[in-house]
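Report on one structure; see the data block that follows.
The values are calculated or read from the model by the stated rules, or taken from the named source; none is laboratory data. All values derive from a computational prediction rather than experimental measurement. We place every Cβ from the backbone using ideal geometry, glycine too, and count neighbours over all the protein chains shown.
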């Protein structure tokens, strides 16, 4: 055999021994989704060193915890941001398209998260491994030092959902489509109905 045959034989051996795989590279599932951002309470952004007593917890929509727990109870970081690490996939992590809830506590009292509404957030791993979510919350009824109860928080979120439906669902069928979009644009533009 000449050199040309040897090199062809060597190439065949390498290709059969080490077949190429055309699989996309995905990050390993044990890397959590990191959610971070600023925290604004009653219209004022919280900054260090005034962050003592701040705890942010992520739960499933049914309020069950992740394993390991997804929470930030160390106060704000260098950029005055919180950082919650939510486990992904197996055995007890977030699955693609799953809704989670971000809960904000200050000095042991739960606050009403107004943005994102009710703290609800849909995760789509692996695309959403790093999320910048700025939280806005309020401490209680205006002029009151009282905090909201869990039932009041749930009721406020439900009331906001119903009010939004009443405002924009013109056929009251529970569906938001093109007619509702046109109606919303007319309301925003001030066009008479």
Checklist entry - Within the range 78-90, is there a residue that is touching a residue at least 60 places away in the same chain (Cβ under 8 Å) and within 11 Å of the chain's Cα centre (by Cα)? => result no
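Each row is one residue, and each column tells you yes or no for (1) at pLDDT below 75; (2) exposed (fewer than 12 other Cβ atoms within 10 Å of the Cβ); (3) not in a loop (DSSP other than H, G, I, E, B).
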residue: 101; (1), (2), (3): no, no, yes
residue: 121; (1), (2), (3): no, no, yes
residue: 142; (1), (2), (3): yes, yes, no
residue: 154; (1), (2), (3): yes, no, yes
Checklist outcome for this item: Checked 74, 83 against criteria (assigned to a loop (DSSP other than H, G, I, E, B), in contact with a strand residue (DSSP E or B) (Cβ under 9 Å, 6 or more places away or on another chain) and modelled with pLDDT of 85 or more); the one match is 74
Next on the checklist: Condition (residue is more than 25 Å from residue 155 (Cα to Cα) and either under 11 Å from the mean Cα position of the chain (by Cα) or not assigned by TED's automatic domain parsing to the domain that holds residue 156 (or both)) applied to the range 99-109: is it met by at least one residue?
Outcome noted: no
